[in-house]
Amino acid sequence: MNIGGQEIDEKIIARIQEMIDKDPALSRGQLSRRICEELRWRSRNGRLKEVSCRIALLKLHRRGAIRLPEVAPFPARRGESSKSGTAGCEGEAEVAGELKQLQPVEVIRIDSSDRVESGIWNELMEQYHYLGAGPLCGSQVRYLVRSPKHGWLGGLAFSAGAWKVKARDEWIGWSNEARQQQLNQIVNNSRFLILPHVRVPHLASHVLGLALRRLRSDWRGRYGYEPSLVETFIEAGRFAGTCYRAANFVEVGHTQGRGRQDRRNQRGLPVKRIFVYGWSGQARQQLCQMDAARKASGPVQAPKDWAENEFGKARLPDERLQKRLLTIARDLYARPQAQIPEACRSRAKTKAAYRFFDHPETGMEIVLESHYQSTGQRIGEQKIVLAVQDTTSLNYAAHPATEDLGPISAHKDGAMGLLLHDTMAFSLEGTPLGLLDVQCWARDASEFGKHHQREHRPIEEKESFKWLKSFQQVAEAQRQCPNTMLISVGDREADIYELFELALQDRRGPKLLVRAEYDRLLADGQGHVWPMVANQPLAATQDLQVPRRGKQPARMAHLEIRFATVTLKPPKRKPQLPSLKMCAVLAEELHPPSGVKPLRWMLLTTCEVHNADSAIEKIGWYRLRWGIEVYHRTLKSGCKIEERQLGSAQRIETCLSIDMVVAWRIFHLAKLGREVPNISCTVFFEEYEWKALHTHMTRTPVPPADPPTLRDAMRMVATLGGFLGRKGDGEPGSTTLWRGLQYLDGIATMWRYMADRYAPHLVSSPVSREPTYG
């Protein structure tokens, strides 16, 4: 295993425990020094890597691999420390004027022996910086800023780079392996302070320039190497980042609002903008050297099966975790309705699966990242893709012992569980292409009953921010697939003015299509949207098939369609927002059946609607939103995710990330069999699976030389799940398919065993193939 940049095997663990048992009086500091000397763990400047060793020992201790001695009490200081009294600026005269009048400005490095300067830096940061003095993470260099004429002006600190930041890592373009090896090449400008009484234009950018010019050499003198990139995170609501832009920093994106310890994915921190600075134009290439070398060594092998195609690029810290992820995915797909022990079918594999779900580096975002990339590849093959987002609740009331759940009903003492907001990409034929974004969280029970306060909170602090975050992920997919037009689709809950504003900011970004919930005001006193569009001349009529819902049977709805271009006025409580120009399409049902509420859709979109055909097109797009409802039903009924008994919400989320891809694949199979029924079934089924299926269904011992079509194979699987195939039954759906897949797994396992043992000529030699349809 790799901990803190060190490869630690069983022999090293045994040697560490031997050293502890031999001299139990050793303090943890003395133990780490001995280990570093014996194993030659030294940094590039020759110093012992004591801090990294202490971290590795603590992790091994928490995992139960070793038993550390008790922490020795820290000796009391001789006398209380006192502040220098020279760092404060209360009562200081304001420093103003031009930068040249302040010169010379000095940037002074603080060494470990500079106790006075270190105390001044700490005092300044504690008193005037909103984050305080620290602690700072990892390697670090601190500076004080001074003017001989006016004394102390401020201070800076550079420390270790952030472990994982999605926007930064995507901008660099490196792999997980390259990030782990090259992360020390990034330093973080973790503190920057200009004292409040110093008001000199351009001073901040000048100080940044002075610090950056000497930082590499100072870093080399302390740690033995020169970094390539500086990053910094700026809280958007607090700072504008002007001085960083003036110092040639580049903005590369924003954070997700998560901290280093946010395992629950609660995003309780402010969203920050990310700026980076490279000392050379080749900084990104230098950080990706490992990936470039790997590409130069030869072509990458094609994925062997669907699991490798969807999860093979996951950035997991250990190769064994990667293999375990693929094994769990295959087991859950083979038996989608089974509980974990039943799906794994052995005690060892079950324990390994539980350890995987409990691992701190196997969170939902990490597991799903590879699937997102595969979804992007499928999106790139389409001209138009609908990115449908929706929310569903996961009820775990049947498992009250599960930790970290939250209320999901309107009643305080109601059901407990998790909320899930996901975004699924669909082709215009309704075929699901994969997930683009998944957000899962538990509501805070202490916040229950404060719904009335929502109107006084910014959108970033509301649960409805999920719609904007999803749109941002669709926008990222749009940048990766410039030849595909993506449309973000939402139901009435997505009728959010800030979402409309976000969608209109970038004309090259994705489009937006939302069903209106509110009758919004029009700008310039033109009334409201609904009556204004309803008074437009009739553009077209259309027949729309409405699926069955509850006790209401499916029906054909006859719609009248009208459209108009509207300019929306911002809400009364948000006058700072601009007016927005959008298109509105109204579809109203004529003569609905008795007792049935007529269909009435008002669609708001950033797409152009200039004639009847384009209006009908938007209605057809919104109609495909129903696909995500089918997907959620597949997820809950087919994969039984609400019956998972994993003890904590964090483990449930990790398992859920695999279950969601399994449910997508089942849903994808059902749709694909209708879209391209005559292709070979080998795009979805392994050789032993379709041969076992054909042998079982036809009762013939020898399978055919050519595989059946996808439609024929699907109908055979669905027959195992109860599909009758009568003339009026149509094509099989997700329900019968996921039932049939469970039976197919047992049939295929037995056929494979018998064929390998008694008829090996029936099995072809394995070949690697790249799956075309997921």
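The values are calculated or read from the model by the stated rules, or taken from the named source; none is laboratory data. Everything quoted here is computed from the prediction, not taken from an experiment. Cβ atoms come from the backbone with ideal geometry, glycine included; neighbour counts cover every protein chain shown. Heavy atoms of the whole protein, side chains included, go into the accessibility calculation; ligands, DNA and RNA do not. Shrake-Rupley method; radii C 1.70, N 1.55, O 1.52, S 1.80 Å.
Structure values in brief
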{"item": "Rounded to the nearest 20 debye, dipole of the chain from Cβ charges on Lys, Arg, Asp, Glu", "result": "1000"}
{"item": "Length gained when the stretch Glu381-Glu403 is fully extended (0.36 nm per residue, less Cα-Cα span)", "result": "3.7 nm"}
{"item": "Debye equation applied to the C-alpha atoms of the stretch 168-224, log10 I(q)/I(0) at 0.25, 0.26 Å⁻¹", "result": "-1.05, -1.08"}
{"item": "Charge tally in the Cβ shell below 11 Å around Glu642, where Lys, Arg are +1 and Asp, Glu are -1, Glu642 excluded", "result": "+1"}
{"item": "Cβ crowding within 10 Å averaged over residues, with 713-720, 19-26, 612-619 ranked highest first", "result": "713-720, 612-619, 19-26"}
{"item": "Under 12 Å, Cβ to Cβ, from Arg63 - net charge with Lys/Arg +1 and Asp/Glu -1", "result": "+3"}
{"item": "Rounded percent of accessible protein surface that carbon and sulfur make up, the chain, 1.4 Å probe", "result": "50"}
{"item": "Angle in degrees between helix 319-334 and the longest Cα principal axis of the chain, rounded to the nearest 10", "result": "20"}
{"item": "Distance (nanometres) between label positions extended 7 Å along Cα→Cβ at Ser637 and Arg213", "result": "7.1"}
{"item": "With Cα atoms, 0 to 90° folded angle of helix 364-379 axis to the chain main axis", "result": "60"}
{"item": "Alpha carbon convex hull of the stretch 547-663, volume per residue in cubic angstrom", "result": "207"}
{"item": "Cβ-based charge dipole, the chain, positive-most Cα from Leu418, Tyr497, Pro547", "result": "Leu418"}
{"item": "Accessible area expressed per residue, the chain, with surrounding protein chains retained (probe 1.4 Å, Å²)", "result": "51"}
{"item": "Acute angle (nearest 10 degrees) that the helix 687-698 long axis makes with the longest principal axis of the chain, alpha-carbon atoms", "result": "20"}
{"item": "Over the stretch 650-753 - Rg/Rh using Cα atoms and the Kirkwood inverse-distance radius", "result": "1.00"}
{"item": "Filtered trypsin sites (Lys or Arg not before Pro), the stretch 644-710: DSSP coil and at most 10 other beta carbons within 10 Å", "result": "Arg699"}
{"item": "Cross-link reach list, lysines versus Lys22, counting only Cα pairs under 26 Å and skipping chain neighbours closer than eight places", "result": "Lys11, Lys49, Lys59"}
{"item": "Taking all pairs of distinct alpha-carbon atoms in the chain, Kirkwood radius in angstrom", "result": "30.3"}
